[in-house]
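**Student:** Got a structure for you, questions after.
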Amino acid sequence: MTQEDDGLDGLVRKRIRALRVAQGWSLEDLATRARISPSSLSRIENGQRRLALDQLVTLARALDTSLDQLVETDTDDVIANPAIDAAHGLMRWPVKADPGLSVVRQRMTNPPPDSLAKLRAHPGREWLVVLSGTAILLLGNRRFRVETNQAAEFPTMLPHAIGTESGPCEILGIFDRDARRGHQSE
């Protein structure tokens, strides 16, 4: 008996196969990693075997993904509208990411603060990529010029601030969980 190929079942089956193929793995390769037989895996991918939660957990691990990502169906927030923070000269577009990371696209118009006292420090790690313009990254008493297509990475325990050199600047900021909490409290 073939399981229905639409809905969540069909989507999960397609993801399992797509992730396997993207890794360049044969049925045997993934079956070995998941500790199931190749014929069972084939029947799962082809809809000839019922999907069981314990198998999904095992397959997700073997595919180096999470169960949440394997069965995710939420597409309600595909479009992200910018949030404007006029006081700081920022326009932010939240981007969905791994639960441990946050990715934010920001458009900045203000220069960095002129005083070391205005720099913030908090636990975590941050990465940024300049999409357009030139950003100025202040880390403690050092000043870095980060131009279009350049990236920077730093621990957020260093007092830091980011601004523009002149004119607008767009960056993609990536924050680990601790850094995200530090920025949410600003």
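**Student:** Excluding residue 42 itself, what net charge comes from residues whose Cβ is under 12 Å from its Cβ, given Lys and Arg +1 and Asp and Glu -1?
**Tutor:** Taking every Cβ under 12 Å from that of residue 42, the sum is +3.
**Student:** Something else: How would 144, 175, 154 line up from fewest to most surrounding beta-carbon atoms within 10 angstrom? It would help to have the intermediate numbers written out before the result.
**Tutor:** Numbers: 144 13, 175 23, 154 17.
Ascending number of Cβ neighbours within 10 Å: 144, 154, 175.
**Student:** Between residue 118 and residue 181, what's the calculated FRET efficiency when r is the beta-carbon distance and R0 is 22 Å? Round to 0.05. List each step's numbers first, then the result.
**Tutor:** On the way: r = 20 Å, r/R0 = 0.90.
That gives a FRET efficiency of 0.65.
**Student:** Another one. Based on the alpha-carbon gyration tensor of the stretch 7-71 and its eigenvalue square roots a ≥ b ≥ c, which shape applies: rounded if a/c is under 1.5, prolate if not and a/b is larger than b/c, or oblate? Before the final figure, lay out each step's value.
**Tutor:** Details: a/c = 1.31, a/b = 1.13, b/c = 1.17.
Rounded.
**Student:** Which GluC sites (Glu not before Pro) in the stretch 128-179 sit in a loop by DSSP (not H, G, I, E or B) and have at most 15 other Cβ atoms within 10 Å of their own Cβ? Spell out each step's value before the answer.
**Tutor:** Details: sites: 147, 153, 165, 170; in loops: 165.
Here the GluC sites (Glu not before Pro) that fit, given the DSSP loop and packing criteria, are 165.
Any read-out appearing in this document is the output of simple, stated calculations on the displayed coordinates, not a laboratory observation. A quick note: this is a predicted structure, and the numbers were derived from the prediction, not measured. Using ideal geometry, Cβ is built from the backbone for each residue, glycine included, and neighbour counts are taken over all protein chains shown.
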